[in-house]
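Worksheet: one structure, shown below.
What follows draws every value from the coordinates through simple rules; no lab data is involved. All of these numbers come straight from a predicted model, not from anything done at the bench. Because the Cβ atoms are built from the backbone with ideal geometry, glycine has one as well, and the counts that use them run over all protein chains shown.
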Amino acid sequence: MVGGGPAGLQLAVTARERGHDVELWEKSDVLGGQINLSAKLPTQGVFADYVRHQTARLAELGVLVKLKQAATADTVIAARPDVVAIATGAAARRPRIPGIDDTRVQDMWQVIENGPVEGENVAIIVQEDHAAPLAMADHLAALGRHVTLFIQTNAPAPALSRYSIGTFMG
């Protein structure tokens with residue numbers, strides 16, 4: 001098994017609970033993948049709790065976790081697994097619009113890792129229907145930025161329940 005992000009963590013737990021011997025390889029020095037970035041936003045700390053919970057479950061179940069273990073064709077073949085599940089993580093989507101290569105254009109992960117953006121006015125192009133863009137907008141607004149969301153759906157975050165979205169919209 002390869003990949004210690006949210007999907008890989010749950011897959012490792014499920015496979016072990018079903019009686020399989022499981023090794024979880026993670027190329028970085030921590031489990032959680034990009035969910036750790038989300039956990040850095042002030043209102044999203046619950047994601048860190050999820051990673052801690054899953055890490056504890058892995059330990060309780062006896063899953064062998066190998067941090068700083070890159071998966072290459074050679075390392076996977078050398079391990080001689082019966083089954084390999086590869087969790088590759090997510091990549092930022094960049095819309096094909098004029099100006100997207102401007103140095104002022106950053107994806108959310110860059111903003112979280114590198115700190116708040118410069119300037120007073122921030123535009124967020126929303127390309128998903130979940131909470132992440134709203135959490136980022138909330139974070140930037142709390143830092144004093146004027147935030148405008150450009151939403152491609154008929155409402156912000158239509159996949160969220162009306163109760164969850166109320167937290168952000170409030």
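What the table below lists for this structure:
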| quantity | calculated |
| --- | --- |
| Largest-first ellipsoid semi-axes for the chain, taking √(5λ) over the Cα gyration tensor eigenvalues, angstrom | 35, 19, 14 |
| Total charge dipole magnitude, segment 22-146, about the Cα centre, Cβ charges on Lys, Arg, Asp, Glu only, Debye to nearest 20 | 160 |
| Of Gly89, Gly115, Gly45, the one that fluctuates the most in a GNM where the chain has Cα springs shorter than 10 Å | Gly115 |
| Nearest-ten-degree value, helix 132-142 long axis tilted from longest Cα axis of the chain | 50 |
| Fully extended contour minus Cα-Cα distance, from Gln69 to Ala90, at 0.36 nm per residue | 5.7 nm |
| Summed side-chain charge close to Leu58 - residues other than Leu58 whose Cβ falls under 12 Å, Lys, Arg +1, Asp, Glu -1 | 0 |
| 10 Å Cβ shell holding at most 15 others, DSSP loop, GluC sites (Glu not before Pro): longest site-free stretch of the chain | 1-117 |
| Net charge of Cβ neighbours under 13 Å - reference Val46; Lys, Arg +1; Asp, Glu -1 | +1 |
| Ellipticity estimate at 222 nm from DSSP helix runs (n ≥ 4, -39,500 (n - 2.57)) divided over the chain, nearest 500 | -11000 deg cm²/dmol |
| Relative contact order (%) - criterion: Cα under 8 Å, at least six apart; region: the chain | 21 |
| For Val65, distant residues with modelled amide H under 5 Å away | Leu24 |
| Residue with peak Gaussian network fluctuation, the chain [Cα springs, cutoff 10 Å], from Ile97, Ile112, Ile151 | Ile97 |
| Centroid-to-centroid separation of segment 69-91 and segment 93-145 [C-alpha atoms, Å] | 33 |
| Filtered trypsin sites (Lys or Arg not before Pro), segment 28-75: DSSP coil and at most 12 other beta carbons within 10 Å | Lys68 |
